[in-house]
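Each reported figure results from applying straightforward, stated rules to the coordinates on display, with no laboratory input. Small disclaimer: the values here were computed from a predicted structure and weren't measured. Using ideal geometry, Cβ is built from the backbone for each residue, glycine included, and neighbour counts are taken over all protein chains shown.
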Amino acid sequence: MLKPSVYIETTVISYVAARPSRDLIVAAHQQVTIEWWENTLPRCDSFISPLVIEEVARGDKEAAKLRLKKISNFPVLKITTEVRELADMYFAQTQIPEKARGDTYHLALATYHGMDFLVSWNFTHILAASVKIIIQNINTDRGIQTPIICSPEELMEV
């Protein structure tokens, strides 16, 4: 049986590598992410992108080093002309602001490369129901499969 393919968005990597938060909700998401990373991720084919690498490399040097180490063995999906066009289409039809335009690339990368899942903790621009509906409608109109867009918590058992 084939392993499901999973595109891992930056927030997931940040949660798995971060110091425990004092915020109870964030701390719970971190714990779920660690459990998911250890127990579920090994049963998946995991992918990242150049954008993920760029994003996790930002900030505190030691934290960035740890985040980069966590993803060092994952295959990297290419940002192609088709990915750019799809991201532009998503951006034009969603309410995602310019400063978060990279989120449309995460969505386009997972879609274009045929991922089964896109895993994120970004409820504002990726996991938002309104965004999921728009992405699904665009992809349906284009005749392409939409990955299941979910949090690690929703993908604990595969």
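Here the extension length gained between Gln145 and Ile25 equals 40.0 nm, from 0.36 nm per residue of separation less the Cα-Cα distance. Extension gain for Thr80 to Gln93 (0.36 nm times residue separation, less C-alpha to C-alpha distance): 2.7 nm. A Cβ-based charge dipole, computed about the Cα centre of segment 52-97 with Lys and Arg at +1 and Asp and Glu at -1, lands at about 340 debye.
Beyond 30 Å, the tail of the calculated P(r) for the chain holds 11 percent of the Cα pairs. The separation of segment 112-139 from segment 8-58, counted between C-alpha centres, amounts to 17 Å. With helices as the sole contributors, the chain gives -15500 deg cm²/dmol at 222 nm; each DSSP H run of n ≥ 4 counts as -39500 (n - 2.57), and the sum is divided by every residue.
Highest mean packing first, where packing is the average number of other Cβ atoms within 10 Å per residue, the peptides 106-116, 16-26 line up as 106-116, 16-26.
In percent, rounded to a whole number, the relative contact order of segment 5-155 is 28, using alpha-carbon pairs under 8 Å and six or more apart.
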